[in-house]
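Okay, structure first, notes after.
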Amino acid sequence: MKLVSLLPSATEIIARLGLEKNLVGVSHECDFPESVVSLPKLTSSLINAKLSSAEIHQSVMGVMKSAVSVYDLDIELLKTLRPDFIITQDLCDVCAVSFEQVEQACQEVLETDARIISLKPQLLGDIWGDVQNVADQLSVSDVGHEFRKEVESRINEVRARSGNGPSQKVLTIEWVDPIYIGGMWLPEMIGIVGGQACFAESGQPAPVVNREDLEKIEPDVVIVKPCGYKLDQTLKELELLRQQLPDWKNPPRIYLVDGNSYFNRPGPRILDSLEILAYCTHPTLFPEFGEQYKEGIIELGSALALK
């Protein structure tokens, strides 16, 4: 059985199900587990990832307006690999190759019976459902069920322990310029740790806000996790972040988190993201998570650290 994954979260799902050995090709953004980095890359981006967040946003909007995909799909390589299954997504054309691109490639170009598994998660339950769907279609249903037991155990543990702490207003920033607030499954995660999500609603796309909007709230915790950014990229935008955030009367605690690895990839590591969120919201209740995920978190302390 030969598998192709066209998005990082799908690659992580495949690995979690014990099927990494079946992968024959991945997207250019697939980097976990590290062993997949050497596999053939089926996609490439038209956007220069080294630009600033504002420049990346402008480039993406320009590409989308021209009705051109942000990503290229290497059809010739796909022909050569002849996969049995292609796992893609039907959620965000900015995040990965679109479902339409893959479907068109299979119907019009490829002489293959490859089956497409398309993921479209909007809530936490959708993520776990996608894992089980992939497990079922790839004939490893039992592994999917075992993972679901782990999901329930870890979520219940976080929920129970979070109940011992005060309610916190949590602001998660998914992009710095313009400011996008983490939507979809993020508000639900914030609720699990006993927090109140600022601006965003469960199952809804990330809302865009400005400095004036932010001045109207008083968050207790701010988590900055730009989509696709590693920590070193986020650190380069600290000055811009200073300009974007208001001088709140009661400065919140601010954390930078590796957005490339956590929160934005709807796969198995969303569980890790939940534990990071628990630590950032209640650091005294979850000190072990601060230690466990320290490579992916930078604690700035209060907002005064930005000034």
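The values are calculated or read from the model by the stated rules, or taken from the named source; none is laboratory data. Values in this document were obtained by computation on a predicted structure and should not be read as measured data. Backbone-built Cβ (ideal geometry, glycine too); neighbour counts: all protein chains shown.
Annotations for the structure displayed:
- You will find that of E174, E215, the residue that is closer than 30 Å to E239 by Cα and touching a Cys at 6+ places or on another chain (Cβ under 6 Å) is E174 and no other.
- Restricted to strands (runs of 3 or more DSSP E) entirely inside segment 18-78, those with at least 3 residues that are modelled with pLDDT of 90 or more are 23-25.
- Residue within segment 219-228 that is at pLDDT 95 or above and of a type in the set (D, E) present: yes
- Per the conditions (1) modelled with pLDDT of 65 or more; (2) not in a helix (DSSP H, G or I), the sole criterion not satisfied by I14 is (2).
- Of the criteria (1) under 29 Å from S45 (Cβ atoms); (2) at pLDDT below 95, which one L186 fails: (2)
- Segment 182-220, residues that are closer than 16 Å to F263 by Cα and either aliphatic (A, V, I, L, M) or part of a helix (DSSP H, G or I) (or both): M184, L186, P187, E188, M189, I190, G191, I192, V193, A197, A200, A206
- Single match in Q196, Q168 (criterion: in contact with a Lys or Arg (Cβ under 6 Å, 6 or more places away or on another chain) and either aliphatic (A, V, I, L, M) or closer than 15 Å to H282 by Cβ (or both)): Q196
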